[in-house]
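Visitor: The structure follows.
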Amino acid sequence: MTFLFDDAAFAFREQGLVFRPDWEHVVTPVVDHALSRREVDPEKLVLFGTSFGGLLAARAAAFEGRFAACVLHNGVYDFHQVPLRGLPPQLAEWVTDGRDDMAGPALAVRMAESIQARWFVRHGMWAFGAKTPAEALRACAPYHLDTAVERVTCPTLVLDAENDEAFRGEPQRVHDALRCEKELMVFTAAEGAGEHCQEGAALRFHQRVFDWLDERLARA
(Lines give C-alpha, C1' and ligand atoms only; values in the text may rest on other atoms or scores of the structure.)
Protein backbone atom coordinates (compact mmCIF):
# COMPACT_ATOMS: atom_id res chain seq x y z
CA MET A 1 0.00 0.00 0.00
CA THR A 2 1.07 3.62 -0.49
CA PHE A 3 0.15 6.36 1.97
CA LEU A 4 -0.32 10.03 1.20
CA PHE A 5 -0.15 12.10 4.38
CA ASP A 6 -1.50 15.60 4.90
CA ASP A 7 1.55 17.39 6.29
CA ALA A 8 1.98 20.94 5.06
CA ALA A 9 4.75 22.08 7.43
CA PHE A 10 7.46 21.96 4.75
CA ALA A 11 5.43 24.11 2.36
CA PHE A 12 4.77 26.62 5.15
CA ARG A 13 8.35 26.97 6.30
CA GLU A 14 10.21 26.66 3.02
CA GLN A 15 7.78 28.22 0.54
CA GLY A 16 5.60 30.52 2.61
CA LEU A 17 2.40 28.84 1.42
CA VAL A 18 -0.74 28.86 3.56
CA PHE A 19 -3.78 26.59 3.86
CA ARG A 20 -6.59 26.55 1.31
CA PRO A 21 -10.00 24.90 1.88
CA ASP A 22 -10.22 23.16 -1.52
CA TRP A 23 -7.56 20.66 -0.48
CA GLU A 24 -8.15 18.41 -3.48
CA HIS A 25 -6.06 20.90 -5.48
CA VAL A 26 -3.16 20.08 -3.18
CA VAL A 27 -3.67 16.32 -3.08
CA THR A 28 -4.44 15.57 -6.73
CA PRO A 29 -0.97 16.60 -8.01
CA VAL A 30 0.56 14.38 -5.32
CA VAL A 31 -1.58 11.47 -6.50
CA ASP A 32 -0.50 12.15 -10.09
CA HIS A 33 3.15 12.00 -9.01
CA ALA A 34 2.64 8.87 -6.90
CA LEU A 35 1.04 7.05 -9.82
CA SER A 36 4.01 7.91 -12.02
CA ARG A 37 6.21 5.75 -9.76
CA ARG A 38 6.64 2.11 -10.74
CA GLU A 39 6.70 0.93 -7.12
CA VAL A 40 3.24 2.37 -6.38
CA ASP A 41 0.20 0.11 -6.66
CA PRO A 42 -2.56 2.33 -8.11
CA GLU A 43 -5.20 0.08 -6.54
CA LYS A 44 -3.94 0.60 -2.98
CA LEU A 45 -3.53 4.33 -2.44
CA VAL A 46 -4.55 5.47 1.05
CA LEU A 47 -5.09 9.07 2.13
CA PHE A 48 -4.35 9.73 5.82
CA GLY A 49 -5.18 13.03 7.52
CA THR A 50 -4.17 13.81 11.11
CA SER A 51 -5.88 16.35 13.41
CA PHE A 52 -6.96 19.28 11.18
CA GLY A 53 -5.81 17.02 8.35
CA GLY A 54 -8.81 14.85 9.18
CA LEU A 55 -11.00 17.55 7.64
CA LEU A 56 -8.63 18.25 4.75
CA ALA A 57 -8.34 14.56 3.85
CA ALA A 58 -12.11 14.12 3.78
CA ARG A 59 -12.46 17.18 1.56
CA ALA A 60 -9.76 15.88 -0.81
CA ALA A 61 -11.28 12.39 -0.95
CA ALA A 62 -14.61 13.94 -1.91
CA PHE A 63 -13.16 15.26 -5.17
CA GLU A 64 -10.20 12.93 -5.80
CA GLY A 65 -11.55 9.46 -6.53
CA ARG A 66 -8.39 7.38 -6.86
CA PHE A 67 -8.06 6.32 -3.23
CA ALA A 68 -8.69 2.78 -2.07
CA ALA A 69 -9.32 4.03 1.47
CA CYS A 70 -9.20 7.13 3.62
CA VAL A 71 -8.30 7.45 7.31
CA LEU A 72 -9.48 10.52 9.25
CA HIS A 73 -7.28 10.80 12.35
CA ASN A 74 -9.41 12.24 13.88
CA GLY A 75 -12.55 13.30 12.06
CA VAL A 76 -13.39 17.03 11.88
CA TYR A 77 -16.56 18.33 10.24
CA ASP A 78 -16.56 22.08 10.92
CA PHE A 79 -13.26 23.66 11.89
CA HIS A 80 -14.76 27.15 12.14
CA GLN A 81 -17.11 26.27 14.98
CA VAL A 82 -14.40 24.54 17.04
CA PRO A 83 -12.65 27.74 18.25
CA LEU A 84 -15.87 29.74 18.43
CA ARG A 85 -17.39 27.21 20.84
CA GLY A 86 -14.53 27.92 23.22
CA LEU A 87 -15.24 31.66 23.34
CA PRO A 88 -17.84 33.58 25.35
CA PRO A 89 -20.90 34.06 23.09
CA GLN A 90 -20.48 37.84 22.94
CA LEU A 91 -16.83 37.56 21.90
CA ALA A 92 -17.66 34.93 19.26
CA GLU A 93 -20.29 37.31 17.87
CA TRP A 94 -17.80 40.18 17.70
CA VAL A 95 -15.35 38.00 15.80
CA THR A 96 -17.98 36.74 13.36
CA ASP A 97 -19.39 40.23 12.76
CA GLY A 98 -15.97 41.79 12.19
CA ARG A 99 -16.16 43.97 15.31
CA ASP A 100 -12.39 43.88 15.71
CA ASP A 101 -12.38 47.06 17.80
CA MET A 102 -14.07 44.95 20.49
CA ALA A 103 -12.82 41.48 19.57
CA GLY A 104 -9.14 42.41 19.39
CA PRO A 105 -8.69 43.53 23.02
CA ALA A 106 -10.91 40.73 24.33
CA LEU A 107 -8.92 38.09 22.43
CA ALA A 108 -5.69 39.60 23.75
CA VAL A 109 -6.94 39.09 27.31
CA ARG A 110 -8.03 35.53 26.58
CA MET A 111 -4.69 34.71 24.98
CA ALA A 112 -2.86 36.12 28.01
CA GLU A 113 -4.91 33.87 30.30
CA SER A 114 -4.87 30.65 28.26
CA ILE A 115 -1.88 28.87 26.77
CA GLN A 116 -4.21 26.82 24.56
CA ALA A 117 -5.94 29.92 23.17
CA ARG A 118 -2.62 31.67 22.65
CA TRP A 119 -1.16 28.73 20.74
CA PHE A 120 -4.28 28.20 18.59
CA VAL A 121 -4.58 31.85 17.56
CA ARG A 122 -0.88 32.41 16.91
CA HIS A 123 -0.61 29.18 14.95
CA GLY A 124 -3.74 30.12 13.02
CA MET A 125 -2.28 33.48 12.07
CA TRP A 126 0.78 31.70 10.66
CA ALA A 127 -1.07 28.81 9.00
CA PHE A 128 -3.77 30.96 7.35
CA GLY A 129 -1.65 34.02 6.63
CA ALA A 130 -3.79 36.20 8.91
CA LYS A 131 -2.58 39.52 10.32
CA THR A 132 -4.68 39.63 13.50
CA PRO A 133 -6.16 37.08 15.94
CA ALA A 134 -9.73 37.87 14.88
CA GLU A 135 -8.79 37.52 11.22
CA ALA A 136 -7.25 34.11 11.97
CA LEU A 137 -10.50 32.90 13.52
CA ARG A 138 -12.56 34.16 10.59
CA ALA A 139 -10.16 32.46 8.19
CA CYS A 140 -11.45 29.12 9.54
CA ALA A 141 -14.94 29.77 8.11
CA PRO A 142 -14.60 27.90 4.77
CA TYR A 143 -13.13 24.81 6.43
CA HIS A 144 -16.14 22.55 6.72
CA LEU A 145 -17.53 19.48 4.96
CA ASP A 146 -20.95 20.81 3.97
CA THR A 147 -21.85 19.53 0.46
CA ALA A 148 -18.51 17.67 0.25
CA VAL A 149 -18.67 14.81 2.73
CA GLU A 150 -21.50 13.02 0.93
CA ARG A 151 -19.31 12.84 -2.20
CA VAL A 152 -16.67 10.62 -0.55
CA THR A 153 -16.90 7.17 -2.14
CA CYS A 154 -13.88 5.21 -0.86
CA PRO A 155 -14.08 3.19 2.39
CA THR A 156 -13.40 5.66 5.19
CA LEU A 157 -12.25 5.09 8.76
CA VAL A 158 -13.11 7.88 11.19
CA LEU A 159 -11.13 7.85 14.43
CA ASP A 160 -12.27 9.35 17.72
CA ALA A 161 -10.73 9.69 21.17
CA GLU A 162 -12.71 9.51 24.39
CA ASN A 163 -11.00 12.51 26.02
CA ASP A 164 -10.47 14.69 22.94
CA GLU A 165 -11.45 18.15 24.14
CA ALA A 166 -10.35 19.91 20.94
CA PHE A 167 -12.74 18.17 18.55
CA ARG A 168 -15.34 16.61 20.82
CA GLY A 169 -18.31 15.40 18.79
CA GLU A 170 -16.73 16.16 15.42
CA PRO A 171 -15.79 12.56 14.47
CA GLN A 172 -19.34 11.34 15.11
CA ARG A 173 -20.68 14.17 13.00
CA VAL A 174 -18.39 13.24 10.09
CA HIS A 175 -19.29 9.57 10.39
CA ASP A 176 -23.01 10.31 10.40
CA ALA A 177 -22.72 12.45 7.26
CA LEU A 178 -20.65 10.00 5.19
CA ARG A 179 -22.56 7.98 2.57
CA CYS A 180 -19.74 5.57 1.67
CA GLU A 181 -18.59 2.40 3.43
CA LYS A 182 -17.50 3.74 6.81
CA GLU A 183 -16.53 2.91 10.36
CA LEU A 184 -16.20 4.99 13.52
CA MET A 185 -13.34 3.70 15.67
CA VAL A 186 -13.37 5.10 19.22
CA PHE A 187 -10.24 4.88 21.36
CA THR A 188 -10.61 4.94 25.14
CA ALA A 189 -8.63 6.13 28.13
CA ALA A 190 -8.72 2.57 29.48
CA GLU A 191 -6.53 1.41 26.58
CA GLY A 192 -4.27 4.44 26.97
CA ALA A 193 -5.47 6.03 23.73
CA GLY A 194 -8.14 8.44 24.92
CA GLU A 195 -6.33 11.71 24.13
CA HIS A 196 -6.43 13.79 20.96
CA CYS A 197 -5.23 11.70 18.01
CA GLN A 198 -4.41 8.85 20.42
CA GLU A 199 -1.31 10.68 21.70
CA GLY A 200 0.75 8.40 23.91
CA ALA A 201 -0.64 5.18 22.43
CA ALA A 202 0.87 5.00 18.95
CA LEU A 203 1.28 1.22 18.96
CA ARG A 204 -2.37 0.65 19.83
CA PHE A 205 -3.51 3.20 17.27
CA HIS A 206 -1.35 1.68 14.51
CA GLN A 207 -2.47 -1.85 15.32
CA ARG A 208 -6.15 -1.08 14.99
CA VAL A 209 -5.84 1.15 11.93
CA PHE A 210 -3.60 -1.23 9.98
CA ASP A 211 -5.87 -4.17 10.81
CA TRP A 212 -8.75 -2.19 9.31
CA LEU A 213 -6.69 -1.29 6.23
CA ASP A 214 -5.57 -4.90 5.75
CA GLU A 215 -9.19 -5.97 5.44
CA ARG A 216 -10.13 -3.23 2.96
CA LEU A 217 -7.04 -3.37 0.79
CA ALA A 218 -7.20 -7.17 0.54
CA ARG A 219 -10.20 -6.64 -1.73
CA ALA A 220 -8.12 -4.43 -4.02
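The values are calculated or read from the model by the stated rules, or taken from the named source; none is laboratory data. Just so we're clear, the structure is a prediction, and the values are computed from it rather than from any experiment. Because the Cβ atoms are built from the backbone with ideal geometry, glycine has one as well, and the counts that use them run over all protein chains shown. In case anyone asks, the SASA skips ligands and DNA or RNA and just uses the protein heavy atoms, side chains included. Shrake-Rupley method; radii C 1.70, N 1.55, O 1.52, S 1.80 Å.
Visitor: Using θ = phi - 60° and the Karplus relation 6.51 cos²θ - 1.76 cosθ + 1.60, list the HN-Hα couplings for region 92-101 in order, rounded to whole Hz, with x at every Gly or Pro.
Guide: Each residue of region 92-101 in turn: 4, 5, 4, 4, 4, 7, x, 7, 6, 5 Hz.
Visitor: Work through the residues other than Gly169 whose Cβ is under 14 Å from its Cβ and net out their charges, Lys, Arg +1 and Asp, Glu -1.
Guide: Values: positive: Arg85, Arg168, Arg173; negative: Asp78, Asp160, Glu162, Asp164, Glu165, Glu170, Asp176.
Net local charge, Gly169 excluded: -4.
Visitor: Also, I was wondering about something else. Give me, ordered by chain and number, the residues 5 or more places off Glu195 or on other chains with an amide H under 5 Å from its own placed amide H.
Guide: Asn163
Visitor: Let me ask another. Going by the alpha-carbon gyration tensor, a ≥ b ≥ c the square roots of its eigenvalues, is region 146-216 rounded (a/c under 1.5) or, if a/c is not under 1.5, prolate (a/b greater than b/c) versus oblate? Walk me through the numbers before you get to the answer.
Guide: On the way: a/c = 3.00, a/b = 1.37, b/c = 2.20.
It is oblate, given that a/c is not under 1.5 and a/b is not larger than b/c.
Visitor: Taking amide H positions as placed 1.01 Å from N in the peptide plane, with prolines and chain starts having none, which residues 5 or more places from Lys182, or on another chain, fall under 5 Å of its amide H?
Guide: Amide H neighbours of Lys182, under 5 Å, 5+ apart: Thr156.
Visitor: Explain nothing, just compute: Karplus ³J(HN,Hα) = 6.51 cos²θ - 1.76 cosθ + 1.60, θ = phi - 60°, for every residue of region 127-134 in order, whole Hz, x for Gly and Pro.
Guide: Whole-Hz 3J(HN,Hα) from phi for region 127-134: 5, 9, x, 8, 9, 9, x, 5.
Visitor: I'd like the accessible area for Cys197: 1.4 Å probe, protein heavy atoms, all chains in place, Å² to the nearest 10.
Guide: Approximately 10 Å² of Cys197 is accessible to the 1.4 Å probe.
Visitor: OK, next. Ordered by residue, what ³J(HN,Hα) values in Hz, to whole numbers, does region 62-67 give under the Karplus form 6.51 cos²θ - 1.76 cosθ + 1.60, where θ = phi - 60° and Gly and Pro are x?
Guide: These are the phi-based 3J(HN,Hα) values: 5, 10, 10, x, 9, 8 Hz.
Visitor: A follow-up question, please. For a quick check: with amide H placed at 1.01 Å from N, whose amide H comes under 5 Å from Phe187's, ignoring anything fewer than 5 positions away on the same chain?
Guide: For Phe187, whose amide H was placed from the backbone, the distant partners under 5 Å are Asp160, Ala161, Glu162.
Visitor: Roughly what % antiparallel, to the nearest 5, for the DSSP beta bridges in the chain?
Guide: 5
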